[in-house]
Amino acid sequence: MEERFWLESWAEGGTRTSFHLRDVHPHAALLAELGLLDDATVLVPLCGKSVDLLYFAAHARRVVGVELVPEAVEQFFTDNALTPVEDPPGVLTAGNLQIRRADLFQLTAGDVGPVDVVYDRASLIAFPPDMRGRYVAKMIELIPPGARYFINTLEYRPTLPTPPFSVGAAEIEEYYSRFFEIEHVRREPRPEHRMVEKFGLAELTEHGFLLTRR
Ligand SMILES: C[S@@+](CC[C@H](N)C(=O)[O-])C[C@H]1O[C@@H](n2cnc3c(N)ncnc32)[C@H](O)[C@@H]1O
């Protein structure tokens, strides 16, 4: 979605930011279980104020989040009683955790430094189909050979015209198979997911894909 959509979402809060979870996502913990966080630098594109960032900071060597909306970045540090150092402007660091207050599309591999693992929850699926190609191209640019890229998606029907968009295994294959080996590591039917009742969905499955950059 466009910048204005996210600025308004964070300004309004409430249901507009219901993607934000209070607890660490089980797929973040899965990365630790798989041993992928050991001594790793983890990149979290479109990080919002996710508590997964704290989990990665505790289990990995370095974490870099990227978030467009200043309010989200401020709330992350305030909510978690962290006092970051901002240097240079837009780069906020507390211990081994850094958030870059930036448009992901302006970011270069040089800005982020070497990356071992990318964690994408509600990021790819935040973009409508006509913007997704640009996001996929940016991830291919940012992820070096050998690095792992975990993608969490929701697949549901009937589909909705707003984020989170429905994305399943076929789309992941279509977007990424030329550049990555793809393992489909989680396929979890979630009839209790809040979206099912809210939107009267017939079904919703949460997926986890673990990609390795060729
Ligand atoms: C659906 S939320 C997901 C947040 C987070 N991954 C989580 O699990 O809570 C998408 C986030 O991406 C941010 N965002 C949207 N477009 C962006 C862009 N071009 N660059 C950086 N952040 C962006 C939004 O402000 C929002 O916080």
Exercise. When the label point is put 7 Å from the Cα of A109 along its Cα-to-beta-carbon vector, which residues of segment 143-175 have a backbone N closer than 14 Å?
Worked result: 143-148
For this session: Between L30 and R134, take the C-beta separation as r, use R0 = 30 Å, and let me know the FRET efficiency to the nearest 0.05.
Result: 0.60
Exercise. In debye, nearest 20: dipole of the chain around its Cα centre with unit charges on the Cβ of K, R (+) and D, E (-)?
Worked result: 200 debye
For this session: For every other residue with a beta carbon closer than 11 angstrom to the beta carbon of R121, add +1 if it is Lys or Arg and -1 if Asp or Glu, then tell me the sum.
Result: -3
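Please identify every one of the GluC sites (Glu not before Pro) in segment 157-197 that sits in a loop by DSSP and has no more than 15 other beta carbons within 10 Å of its own beta carbon. Don't jump to the answer; show the numbers that get you there.
Working: sites: E171, E173, E174, E181, E183, E192, E197; in loops: E192.
Answer in residue order: E192.
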Exercise. Quick one: in segment 72-214, what % of C-alpha pairs are over 26 Å apart?
Worked result: 35 percent
Seminar exercise, completed: Among segment 134-161, those whose backbone N falls under 12 Å of a label point 7 Å along Cα→Cβ from L21 are 152-154
Problem set entry | Residues D52, D79 arranged by fewest to most Cβ contacts within 10 Å | D79, D52
Problem set entry | Candidates per GluC sites (Glu not before Pro) in segment 1-85, loop by DSSP, up to 15 other Cβ within 10 Å | E2
Seminar exercise, completed: Given the candidates L46, I182, V115, the one whose Cα lies deepest towards the positive end of the charge dipole of the chain, counting +1 at each Lys or Arg C-beta and -1 at each Asp or Glu C-beta, is I182
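May I ask for the Kirkwood hydrodynamic radius of segment 1-154, worked out over all distinct Cα pairs and given in angstroms to one decimal?
Result for segment 1-154 stands at 15.6 Å.
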Seminar exercise, completed: If amide H atoms are modeled at 1.01 Å from N in the peptide plane, then the residues at a separation of 5 or more from A102, or on another chain, having amide H under 5 Å from its own are E67, L68
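Can you divide the C-alpha Rg of segment 16-104 by 2.2 N^0.38 Å and report the result to two decimal places?
Normalised by 2.2 N^0.38 Å, the Cα Rg of segment 16-104 equals 1.02.
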For this session: Quick one: what are the phi-derived ³J(HN,Hα) couplings along segment 24-29, Karplus 6.51/-1.76/1.60 with θ = phi - 60°, whole Hz, x for glycine and proline?
Result: 4, 6, x, 6, 5, 5
Exercise. How large is log10 I(q)/I(0) at q = 0.20, 0.26, 0.31 Å⁻¹ when the Debye formula is applied to the Cα atoms of segment 31-77, each weighted equally and without solvent?
Worked result: -0.61, -0.90, -1.12
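Just add up the charged neighbours of V51: K/R +1, D/E -1, any other residue whose Cβ is under 15 Å from the Cβ of V51. Walk me through the intermediate numbers first.
Details: positive: R22, K49, R121; negative: D23, D52, E67, D79.
Result for the local shell: -1.
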For this session: Would you mind calculating the gained length between A81 and R61 on full extension (0.36 nm times residue separation, minus the Cα-Cα distance), in nm to one decimal?
Result: 5.1 nm
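Quick note: the coordinates plus some simple rules give every number you see, no bench work behind them. Predicted model only: the values in this text are computed from it and were never measured. So basically every Cβ, Gly included, is an ideal-geometry build from the backbone, and we count neighbours across all protein chains shown.
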